[in-house]
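Each remark here refers to the structure printed beneath this line.
Values in this text are rule-based calculations from the coordinates and carry no lab data. Keep in mind the model is a prediction, meaning the values are calculated, not measured. Backbone-built Cβ (ideal geometry, glycine too); neighbour counts: all protein chains shown.
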Amino acid sequence: MRIGRVLMAIGLLLIPAVAAADGHRAGAFFGYSRASGSSLNGVIFAADYSPDRFKAASIMGDVSINSGPHRGGDVTRVTWSLGANAGHSLFTKWLVGNGHVGVGGVSGDGSSDVVGILGVSVDLRVHPNFSIRTQADAAIRGGGGDDYSRYSIGGVWRINK
């Protein structure tokens, strides 16, 4: 799928641009998720942790569960990944841009594959410990399944340093 490869290239170009941390120790994101490839709806959960020596990045993981009609049947697609995240304030400390990259797996929609996740998100801080996030991910499959995109919106809770 060409859109996945284009999003991946854009994301790789953006990662160096967001190589400064927003100063948090750990965070959790929970929200609504919509996956392309037949409009699968569901939820996403992601968490990250930033050790003291990594001011510019954090270790992150996510899992999403999306269900709905796909290729003539109902499916439940589960996607998970582990990787790295970098974030930087955009114009003001209340708006934070993030880039992330991860490797994981996907199953439940006809094939089980290794998947590479490349994404970007924007957080609007409404409180020093809480933000509203919009996120777009490209999922590039390493097996026989089609690449797909995932769009999410939800809340982020942070533990600040």
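A few points about this structure:
- FRET efficiency, Trp94 to Asn41 (Cβ-Cβ, R0 35 Å, nearest 0.05): 0.75
- With R₀ fixed at 30 Å, the C-beta to C-beta distance from Asp146 to Asp52 puts the FRET efficiency at about 0.15.
- Computed E for Arg71/Ala28 - FRET, C-beta separation, R0 30 angstrom, nearest 0.05: 0.35
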